[in-house]
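Novice: Pasting in a structure now, in structure tokens, and then I'll have a few things to ask.
Coordinate-derived values only; no laboratory data. All of these numbers come straight from a predicted model, not from anything done at the bench. As a convention, Cβ positions derive from the backbone with ideal geometry for all residues, glycine included, and neighbour counts pool all protein chains shown.
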Amino acid sequence: MHDRRCRLLPRALRRLRPAAPGPEAPDYYLAYGEKYARRFSDETFKKLSPEGQHWLNNTFRLLQDRMEHLRQSQPVEFERLERDPDAFRRFAYETHSDAYLDAGLKDVDYEDLWHIVWTPDLADLATADGAKQAFVTAAGLGWQKAQDAIPDIERPFPDIFLRGRQVLRAEE
């Protein structure tokens with residue numbers, strides 16, 4: 001295991017893994033979080049340009065920061081989530097799209113985007129949570145690219161996009 005991946009694996013995974021015989025870690029940590037931390041850092045990272053690598057490092061940091069923020073600011077709620085695998089998975093998935101976009105996905109080139117998009121398993125993207133995450137990310141990326149292309153887009157359009165994201169999240 002090389003240093004980059006060690007830094008990127010969720011602290012929560014390292015914190016919970018030795019907790020036996022206590023409660024099991026949510027399946028998200030191993031089935032999704034660790035799986036993709038390893039795949040992105042071992043396989044995808046070396047295929048990316050320096051800008052794409054920068055995006056990936058920022059994304060891992062933001063994903064971890066968002067999880068840690070809830071854990072530190074609402075420890076009781078976070079512990080409750082960790083004991084409910086479905087709720088924890090929904091929470092974790094909901095952090096992804098914003099992290100991808102906030103890390104600067106719009107700034108990666110199309111070759112990097114190709115490698116990023118084809119890293120996850122189609123089976124993971126075909127779930128309701130995976131499809132929703134892909135849709136929200138694609139819509140956000142399209143919106144960010146449109147803002148760059150047409151810098152004078154005014155407020156009603158972003159409000160519609162933001163309301164759409166709120167509706168998607170409220171439908172759970």
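Novice: Going through segment 34-114, which trypsin sites (Lys or Arg not before Pro) have at most 13 other Cβ atoms within 10 Å and a DSSP loop state?
Specialist: Answer by residue number: 83.
Novice: Could I have the simple spin-label model distance between residue 148 and residue 38, label points 7 Å from Cα toward Cβ, reported in nm to one decimal?
Specialist: In this crude label model, residue 148 to residue 38 measures out at 3.3 nm.
Novice: Would you please give the FRET efficiency between residue 125 and residue 76, computed as 1/(1 + (r/R0)^6) with r the Cβ-Cβ distance and R0 = 30 Å, to the nearest 0.05?
Specialist: Once rounded, the FRET efficiency stands at 0.40.
Novice: Sequence neighbours fewer than 8 away in the same chain don't count; with that in mind, list the lysines whose C-alpha is under 22 Å from residue 106.
Specialist: Straight-line reach from residue 106, under 22 Å: 46, 47, 132, 145.
Novice: Moving on to the next point. State, to one decimal in nm, how far the label point of residue 61 lies from the label point of residue 87, with both points 7 Å from Cα in the Cβ direction.
Specialist: Simple spin-label model gives 3.2 nm for this pair.
Novice: If you stretched the chain out fully between residue 110 and residue 46, how much longer would it get, using 0.36 nm times the residue separation minus the C-alpha to C-alpha distance?
Specialist: Contour length minus Cα-Cα distance gives 21.5 nm.
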